Amino acid sequence: MKMEMSGGDWSKFENCLHRLVLFDFKGMHQDIGEYIINSTKERFRNGVDPDGNAWKPSKRSEDEGGKTLQNTRTLYNSISYRASMEGVEVGTNVKYARVHQGLDKSGNQVKEIVIVPKQARLLAFTVSGKKVFAKKVTISARPFMGINEADAKEITSIGQEWIEEATGK
């Protein structure tokens, strides 16, 4: 059906609207998810938070070398996304991620987390190959997830590219 109004041809407008109705939101959200994962992994490689501030080195990395938060690369490799028509979620299912991100049990950002034993008298763990026992351990926050200004600009750019492609611009 071709609409004409005041002698004008609305077919380009109708075609553009039709393409927007069929817009692939999930595809756009997948691209955004991929970008955020790459940005987050770059922070791991550089040892910085979303604002570019260096993480406090871990005791293990100071004693043994290597990078903070990357001894086994479990956390690094767990960063994933789930895209849908409605949006994209990026995160990890690693239980200790909250502690390293610097989030307390209520989800508030803190500079450090104090860990105490739940049932035993002491915590037991290994540092630099040695068994260590402690009544508490303080872990500095090392935020790795987040969107900074550069990320926001790139995400906007991804969205604009998708819209331009969909509208034929």
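The table below lists the values:
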quantity	calculated
Pair residue 115, residue 163: separation of 7 Å Cα→Cβ label points (nm)	4.4
Across 111/131; 67/131; 105/130; 56/136; 67/135; 59/111, pairs whose alpha-carbon gap is larger than 23 Å	111/131; 105/130; 67/135
The chain, helix-only ellipticity at 222 nm - DSSP H runs n ≥ 4, -39,500 (n - 2.57), divided by all residues, nearest 500	-12500 deg cm²/dmol
Cα→Cβ-extended label distance, 7 Å offset, between residue 64 and residue 106, nm	3.6
Total formal charge among the other residues, if their Cβ is under 13 angstrom from that of residue 27, Lys/Arg +1 and Asp/Glu -1	-4
Sequence-distant residues sharing a close amide H with residue 79 (under 5 Å, placed H)	none
Under-5 Å amide H pairs with residue 10, H placed in peptide plane, nonlocal only	3, 5
For residue 129, net neighbour charge (Lys/Arg +1, Asp/Glu -1) across residues whose Cβ lies under 11 Å away	+1
Residues 133, 25 arranged by fewest to most Cβ contacts within 10 Å	133, 25
Degrees between helix 11-21 axis and first principal axis of the chain (Cα, 0 to 90, nearest 10)	30
Given charges at Cβ of Lys, Arg, Asp, Glu: the stretch 74-169 dipole, positive-most of 123, 81, 101	123
Approximate spin-label separation residue 85-residue 133, in nm, with each point projected 7 Å along Cα-to-Cβ	5.9
Crossing angle, helix 149-167 versus the chain [Cα axis fit, 0-90 degrees, rounded to tens]	30
Ascending count of other beta-carbon atoms within 10 Å, so fewest first, for 23, 44, 125, 144	125, 23, 44, 144
Ranked list, fewest to most other Cβ atoms within 10 Å of each Cβ, for 49, 24	24, 49
Tilt relative to the chain, helix 25-46 - C-alpha long axis, 0 to 90 degrees, to 10	30
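Every number in this text was worked out from the coordinates using simple rules, so none of it is lab data. In this text, all values refer to a predicted model and were calculated from it rather than measured experimentally. Because the Cβ atoms are built from the backbone with ideal geometry, glycine has one as well, and the counts that use them run over all protein chains shown.
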